[in-house]
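Each value in this text was obtained by applying a stated rule to the coordinates, not by laboratory testing. Since we're looking at a predicted model, the values are computed, not measured. Note that each Cβ is placed from the backbone with ideal geometry, even for glycine, and that neighbours are counted across all protein chains shown.
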Amino acid sequence: MLERVDLSLQLDREDYQKQLRKLQVEIHRRAFRLYEGRRPLILVCEGWDAAGKGGAIRRLTEKLDPRSYQVFSIAAPTEEELAHHYLWRFWGRMMPPSEKQIMVFDRSWYGRVLVERVEGLATEQEWRRAYREINDFERQMVDADAFIVKLWFHLGQEEQLHRFERRQITAHKKWKLTEEDWRNRDKWDAYELAVEDMLLKTSTQQAPWTIVEGNDKRWARVKTLKTVVDALKPISSS
């Protein structure tokens, strides 16, 4: 599946700026309709290290009312979270008292079938069982009138290496590059297999995956916004 992704897609700066402004206005309008309808949007952003998730999220939220959204940057679970089922900490972020209509997850519950699988932090029985658990989890959210948008930010190995090397020599970006990033890169094939399985087994009718071609950051940002706009069409016409 990933081998067929066209990573040559790109936008020039002028076209990018034009489409970005138009899409940001449209997302602002649809976010208000979400508020009126009391319906949440759950945006799941997964992808390779340095694939551009953060930049896409910033463009998505740039023109939104700060009261309407929250971004959750998911890191390793705490000791308390480890004492519960792995989905427990995500339910806690989405349940009241949160009044946010848009919840953005920069990394998510898919860590169970990605990093936890590859790094041996979950047993094979646990991560294989997780596909069904995740599908059930998302079905419950859809049944509660939530919109779910799931994005996989994809880029090539050479482009990732180029971005890593630029981070190393850019003072204000050095902090983004860690030893873990390099270690994950050495396990590219194992992660790629895990991603393929994830896309195949958890892309459902109610919560499909969209692959975002990430070699060109402008293309990736515009496609992210377009995907969200398209997902919210039902509420804009209701």
Flagged as over-length at 20 Å C-alpha distance, from LYS150/LYS233; LYS18/LYS150; LYS22/LYS173; LYS22/LYS217; LYS100/LYS176; LYS176/LYS201, the pairs are LYS18/LYS150; LYS22/LYS173; LYS100/LYS176; LYS176/LYS201
Tell me the label-point distance for the pair ALA190, ARG21, using the 7 Å Cα-to-Cβ offset, in nm and rounded to one decimal.
4.8 nm
Per DSSP, the loop-located trypsin sites (Lys or Arg not before Pro) within the stretch 144-190 having at most 15 other beta carbons within 10 Å are LYS187
In nm, spacing of pseudo-spin labels at PHE164 and GLU3 (7 Å Cα→C-beta vector)
2.3 nm
Kyte-Doolittle mean at least -1.0 and Cα extent at least 15 Å along the axis: which DSSP H helices of the chain qualify?
188-202, 217-231
Here, GLN206 and ALA144, labelled 7 Å along Cα→Cβ, have an inter-label distance in nm of 1.2 nm
Per residue, how much space in cubic angstrom lies within the convex hull of the C-alpha atoms of the stretch 16-111?
103 Å³
Mind putting a number on the dipole of the stretch 2-233 about its Cα centre? Charges go on the C-beta only, +1 for Lys and Arg and -1 for Asp and Glu, and I need it in Debye to the nearest 20.
1160 debye
Once each part is reduced to its C-alpha centroid, what is the distance from the stretch 167-215 to the stretch 1-31 in angstrom?
20 Å
Cut-off 11 Å (backbone N to label point 7 Å along Cα→Cβ of HIS28), residues of the stretch 208-238:
none
Select from ALA130, ALA51, GLY120 the residue farthest towards the positive end of the dipole of the stretch 2-233; place +1 on Cβ of Lys and Arg, -1 on Cβ of Asp and Glu, and compute about the Cα centre.
ALA51
Rounded to the nearest 500 deg cm²/dmol, what is the calculated helix-only ellipticity per residue at 222 nm for the chain, with -39500 (n - 2.57) per DSSP H run of length n ≥ 4?
-16000 deg cm²/dmol
